[in-house]
Every structure is written in structure tokens, then in C-alpha cells.
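Written below as C-alpha cells is the structure these notes are about.
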Amino acid sequence: MTAPILIVDDEPGNLATLRAILAAEHPLAFARNGIEGLAAARKHHPALILLDVQMPGMDGYAVCRQLKAEPATRDIPVIFVSAMSEVGDEAAGFACGAVDYIVKPVSPALVRARVRTHMSLVHANRLAHYVQELESHQRKIARLSRIQSVLSGINAAIIRIRDRAALYDEACRIAAEEGGFDTVWIALRDGHGMRAAAWRGTDEARLEQVLAAMALEPDDEVSAPRRALAHGHPACCNDLSAPGQGGATCADARAHGFLSLTALPLMLGSGAAGVMVLYARDAGYFDAEELALLEDLAADISFAMEYIAQEERVNYLSYYDAVTGLPNQVLFYDRLGQIIQSAKHDGSHAFVFMINLDRFKRLNDALGSRAGDQVLRIVGQRLVEGLGRPCTVARLGNDVYVIAGPCGASENLLPLIEHAASLVGPAIVLHGRDIHLTVHGGIASYPRDGADADALLRHAEAALRQAKSGGERLSFYSPEQNAAMVAKLELESLLRRASEQQQFVLHYQPKIDLRSGRIAGAEALIRWVHPERGMVSPAQFIPLAEETGLILAIGAWVIASVCAQQAAWLAAGVPVVPVALNLSALQFGQGDLATQVASQLGRHRLGSDLVELELTESLVMRDPDGAGQTMHQLRALGLHLSLDDFGTGYSSLAHLKRFPFNSVKIDRAFVTDITTNPDDAAIASAIIAMAHHLRMVVIAEGVETAEQLELLRSKGCDLIQGYYFSPPVAAAAFEAMLRAGQGLALPQAGAEERSVLVIENDHAMMEALKHALRSAGYRLQGVNSVEQALALLAQMPAVLHQQRPPS
């Protein structure tokens, strides 16, 4: 739409006259005073304004000055139309910004001519302005195209370049050659300062000077690079000649004839790792669109930096341990191979020493993984710095380190190995506490123990396992040890399969009540029935199951199987008795034992009085506080708890009082010789007395003879278990015992008393024998001559014990 000519006059006649002159050739707009005239100019943006001078309120001069003061109307040409024709009047009009002056009364021809002339000038000006805008737009398109080319080139470089230095250099080259920037440079953070990474259009010395000056600048973020680094966003200076454009970078650009610059942050993670700076000759060079494209350019370079950093990290972790920075297993294999090749060439030997930190998992659980990692780093640093000879130290995972190096053919390795192990020993101070570590170690040497890296490392590991299982601090590899270890590994594999396929059965060994002679309970004992090997002894596989952690799955199976069997017997009308099962240390320390047992009892709708749990004292004392908590949880379910193997561990009355046991089991070690060894008899008597005092039931295991049974019975033992009545039997056989009501026929109270006749004339010896035999349940008859003994033998049955008969 063509812009109108605005006519402003307070006289209607004048408006009508000018309308008649101009309406045929031009669109018109009208206003009756200065205020309306200003409003119409702002609204219509007229191509030309015809303005009366003398108007009420605001005269023409004031209107013209206001029009020229506003950016939107300042370029509109104004022609004064007035009856004031003095030269001073015209001068005043031109001084206000008018382009012409027409005197009233107007001549139509003159008005048309003057308007036509000025409209032509308006069109010419507009065309020139359009040309200028078009040229500016074309220049901008060219700049944007160059920046797009830079973006495209950088993206292509990102695909093919995997090196930071090459990436930075290529980015500067593309920005200079394809982007048309005369000077481009990239600098990276280096501690508190910056270091030059790549540049074009400057030289290294000049750039280093700029960066050195930047490092000394006050931290006021005046310069563009400092703002970009601080905030992580592009920072632009579009007029370096303007006041306040400070900093070494701006000074460098001005000194070399540049009037604009922009700084693009190069991000790595959440912070700026560096900055890319571009100089431009013209002021105002960087507009919003160009800055948006340049921000994309910086983002692409940052992405490439991040990708390269991740790739380097992946490559690093492929060969180095993330926690300690030591070589990992892959790199160690390679270096060990090089050591062996060198030894082959020189005719020398080599060694591998594998170290395991004792109880590190417990330390890690107690202090947390961060503290554990710090301990691992300190140990690694000590080994690297303290060996005093060229060696490779690596961490193979968890708490295992390995050392490899050359050695002499006849060198005694023991001092070296002892020294390496001793490096771990000094206390590690962490968070104000001293941490003391001990180690086990296994050693293998080339060529005696292996011809390649794989064999040598495998045999060092076998020696380490032997040291741990044998309770030795250090162990050298031997083929015999390896054969045993191979057999153990094979058994472990079979045991895992057995656990998966449930190749286990339970046997039950009855417990006899010494008051009634009836079966009062049983102990469930696991048996492994291998499809090829047949019955495997628990002594073979239970320790291995503990060591490998398979005992958790096996223990869970035992709990479930005992509950299922008891429920099946109840359903079949069998007169069931409580069945006890043994708990392992791992199983007991897992934390969810009470939940596990409660779940199985609930699943089989079984009363808690039909399942008993046996725990060893050493198991409980590993973690007394945790054990006490777990035991109270089990007792809360109504379960009977028995202290197994009492007398072989701590054997503490305080422990008996502290924990909620229902019964105590006398270990078979004290039962085997109870009728011949006074010490064993005295220990058994003491255990029975202590337990009864604490209102606990006493069970003796391993009872195999009538004499053992009678002695235990005479001491007040409550229950016995052992081969005298029955070995462990299969479930069907035990069921038959229960159905038949099998038991022991026990002598009634008041049956004949067993006596021992001792011939001894030494009073002190006699007193000692009396004490020992009395505690064993015998009545002692002492005489000091053969004649007296014969007289007594005629009166009572006795065991003859001749102790140095007098001549």
C-alpha cells in the first residue's frame, strides 16, 4: 500500500484547497492541529507532510521538531505551508528540519511541482536505502554461509579426528580459511592460567603474551574470554573502540586493527575447559543470528572434546585400574610377556608374586567404599615406590595385587618377597584411625613354574590359594599343590552343579532322652549323592561350600527340606519330634535368616517347636552384637536354639548367660574318652552343671558305648546322640523308628552301683584317684594290700586296677 501525504492545517478551507490540488495524484491524510498531526504521522507513516505554521496549541515549528526527534518519523520530509513569508520565517522552518517552504495563498501548479519533486526524492532515498539494506543482507548471508561452512567443516573433522590437538588446529584452520576470520585462537585452562592450544592469524609468542596478561588480570570478568569461561556462554564485544572494552584480548585485537571479537566457551562436562576467540575487522560484526551459529560451532567442538575424553577414558580403563591407576590384568599380561621374552633372551629368570589383602571386604563394609578405595590406592603406591628394583605392579581386582619382574637364575627370592609383603604392614592412618593390614602371598617363577605369562600367573594364583587354605603367610608354587588345587576346583564345579540340581539328601540322627529312653529329637545331616562318585562326605564339601559361598543356597535348601519333611510326616500321622539343623557362619550373618525360617514355617503351616537351630560358639563370637540381635529374632519366632560343640571354642559362662540358648551340646571330643580320661570326665561334668544352673538342656554327641551313656546319665546329662543308638539314617528309616516307638532300655534308678577297687599305699595318690574317679561317676574302694583287696572282691563286683602293688 502506497504511503499517503499528510496535510496538517487548522483551517478547513486550506485543507479543502490542498485536497483539490493533490487528491487526483496522491492518497491523502488530514489533521486539524499539531497534536492530531503527530498522532497521524505515527499512525500512517506518510511519505510527505504538508504542515501549517500558525496553529492553536502547538505551532508547526514545534510539531516539526517533535517529528525529527522521534526515530520512527525523523526521515519523513516536511514542507511548511504558511502565510508567513518573511525570510526569517523560512529560515526558522528550515532550522526545524523542513525541506521546503510554500507561501499561502498557494499556487496549484507550484504545489504540484514541489510535491512531485519531493516525492521523487523520497522514492530515490527509499531505493538507495533498499539497495543498502540489500547489500547489507547479502553481506550477512555471505557471513552466515561462511559460518555454516565452518560448522560443516568442523562436523566433518569431528568424524575423522580422534586427537585433541589435531581437532583444535583443524577448528582454527577452518574458521580462518572458510569462515573468513582474520585471527582465531583456542586456549585451554591450565591450573590458574591458560595455555595456547591452536591459532591462525597470530603467532605463538603473541598469543602466549596475551594469555600471560590475562592470568594477571583482576577477577572482574571485563574481557570477553573471561566472561565466556566464567559463565559458559558466548561473550561478544561488537565495538572495541567503545569505552569499557578492557582486558588483554581486547587490547590485542584493537592493536591489530580489529573492532569486534567474540569468545566461545568450549565445555567439558559442566564447566568450560577452554575458549575459542574470533576477531573481526568491522564493528557490529556479530549479530544474534551469527552468534547463534557460532554457539552451535562451540557446542560441536565441545561435543568432540567430550567424545575424545570418553574414548580416552575407555582406552585408559582397558589397560589401567580405575581406583589405583595401576595396570590392570590386560596390561599386566602384556608386560609379563615382555619380561619373559627378555628373560629368554638374556638367559635370566623372572618371578610373579600375587598378594591378597586379608579381611579387606570386612574393612570395606565397615568403613565404606571410599575409605576402602583410599586404602587400595595407598597399598598400590607403597608397592610401586618401595620395591627398590624395576618391577611391574598391577591390581587384578578387589583386594589382589600382583608384582612381576626379572630376577637372577640363582637368586633367593624370599628376601624380595618378604620385603614386598612388609610394605603393606605399617599402619594406614585414615580418618583418625589406624588400619593394619596383613597379606597372604603366592610366588611362581620362570622358567621353573611356567613357560608363558598365562601359566606363570595361574601358578602364582594357585600358590596364593594354597597359602590361604594352609594358613601360611607366603607359599611357593609346587606341582603337588597345583594338583590339589585343580582337584579342589573340580570339586567346586561339581558342587555348583549339585546345588543347582539339588543332588542332596538329608539323613536324621536320633537324640535319646536319658530319663525315658525315647527318641526326643533328631539332627538333620546333609549328604551329597553324586551320580558318578556316589556318597560324598560332608567333610569334603561343607568347608568348600563355606569358602565359595555356596553354603547360602545349600543352607536355604536344608531349611526348606526339613520344614517340608516335618509337614509331610505330620500329614501322614507320624509322631514327629523336633529336628535340629546346623547353621553356617555365612548363613547366620546374612541378616535375613529369621525371615527365611519364618517363611518356610508359614509355607508349610508348621509350628516353630518342630524345628531347632544349632550354632557353634565360634560362629556367634564373630559378631556378638549382630549374633545376639539375630538370635533374639529367632527366639521371638518360638525356635529352640542350641549351642553346638561347646567346650571347643571360647567355652565362656559369660557367653552362655549373654545369649538366649535353650540347650548346650557337649562336643564329641570330650565324650570319646570320657570313661578313661579324668580330664574329659571333669569337663563334661562342669558343662552339665553350668548349663543346668542356667536352666539349659544338655545334649552329648558322639556317644558310642554303654559306658559313655551310663557315665553321662549319672552326671545328669539330658539327651544323647550317637552311634550307640543309631547312626544318621535316611528319612524313611527314621520315620520307621518313630512309628515303631524305638528307644533305649535304660537301667532303673537304684540299680547296682559301679565301683572301682584301688590298691595303693601312697596316701596322696589315693586321694587323687578318689577325686578323679568320683567325678567320673564311680565309687572308689581303696586298700593298701592284696589281702584286703581279695577280701573285698569276695563281697562286691569291681574293676581290678593294680597300681604298684607292694611286695
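The values are calculated or read from the model by the stated rules, or taken from the named source; none is laboratory data. Since this is a predicted model, take the numbers as computed values, not measurements. Glycine also receives a Cβ, built like all others from the backbone with ideal geometry; neighbour counts cover every protein chain displayed. For accessibility, only protein heavy atoms count, side chains too; no ligands or nucleic acids. Shrake-Rupley method; radii C 1.70, N 1.55, O 1.52, S 1.80 Å.
Brief remarks on what is shown
- Residues (open to solvent by 20 Å² or more (accessible area, probe 1.4 Å) and closer than 17 Å to K468 by Cα) located in the range 328-359: D358, R359
- Cβ-Cβ distances below 7 Å connect the following pairs, each with a first residue in the range 32-48 that is in a loop (DSSP other than H, G, I, E, B), a second residue that is buried (at least 20 other Cβ atoms within 10 Å of the Cβ), and a separation of six or more residues or different chains: N33/M55; P46/I5; P46/L6; P46/I76; A47/I5.
- So V429, is it surrounded by 15 or more Cβ atoms within 10 Å (Cβ to Cβ) and aliphatic (A, V, I, L, M): no
- Screening the range 454-556 for strands (runs of 3 or more DSSP E) wholly inside it with 3 or more residues that are modelled with pLDDT under 90 and over 23 Å from L615 (Cβ atoms) returns the ranges 474-476, 534-536.
- Failed criterion for F670 (all others in (1) within 22 Å of H640 (Cα to Cα); (2) free of Cβ contacts under 8 Å to residues at least 24 places away in the same chain; (3) hydrophobic (A, V, I, L, M, F, W, C) hold): (1)
- Figure legend. Inter-residue proximity from the range 627-638: first residues farther than 16 Å from Q587 by Cβ, second residues modelled with pLDDT under 90 and surrounded by fewer than 17 Cβ atoms within 10 Å (Cβ to Cβ), beta-carbon distance below 6 Å, spacing 6+ or different chains. Indicated pairs: R635/P660.
- Test: residue in the range 501-518 that is under 35 Å from the mean Cα position of the chain (by Cα), touching a residue at least 40 places away in the same chain (Cβ under 8 Å) and surrounded by 14 or more Cβ atoms within 10 Å (Cβ to Cβ): no
- Looking only at the range 77-103, and only at residues there that are assigned to a loop (DSSP other than H, G, I, E, B) and touching a strand residue (DSSP E or B) at 6+ places or on another chain (Cβ under 6 Å), the one that is farthest from I7 (Cα to Cα): S85
- Remark: A176 matches the filter, which requires a residue to be touching a strand residue (DSSP E or B) at 6+ places or on another chain (Cβ under 9 Å), of a type in the set (G, A, S) and either modelled with pLDDT under 85 or surrounded by 14 or more Cβ atoms within 10 Å (Cβ to Cβ) (or both).
- Qualifying position, being on the phi < 0 side of the Ramachandran plot and part of a strand (DSSP E or B), among L570, L586, L581: L581
- Tally, over the range 523-581, of residues that are aromatic (F, W, Y) and surrounded by fewer than 17 Cβ atoms within 10 Å (Cβ to Cβ): 1
- Among the residues of the range 368-394, those that are closer than 21 Å to L317 by Cβ and open to solvent by less than 30 Å² (accessible area, probe 1.4 Å) comprise G372, V375, L376, V379, G380, L383, T392, V393, A394.
- Residue count, the range 256-315 (criterion: at pLDDT below 85 and in contact with a Cys (Cβ under 7 Å, 6 or more places away or on another chain)): 2
- P234 being touching a Ser or Thr at 6+ places or on another chain (Cβ under 7 Å) and open to solvent by 20 Å² or more (accessible area, probe 1.4 Å): yes
- Residue match in the range 306-320 (condition: more than 24 Å from L188 (Cβ to Cβ) and touching a helix residue (DSSP H, G or I) at 6+ places or on another chain (Cβ under 8 Å)): yes
- G325 being on the phi > 0 side of the Ramachandran plot and open to solvent by 70 Å² or more (accessible area, probe 1.4 Å): no
- Qualifying residue in the range 561-571 (condition: farther than 17 Å from L639 by Cβ and without any contact (Cβ under 8 Å) to a residue 24 or more places away in the chain): yes
- Any hit, the range 287-295, residues being without any contact (Cβ under 8 Å) to a residue 60 or more places away in the chain and over 14 Å from R227 (Cβ atoms): yes
- Scope the range 427-447; condition without any contact (Cβ under 8 Å) to a residue 12 or more places away in the chain and at negative phi; matching residues: A427, V429, R433, D434, H436
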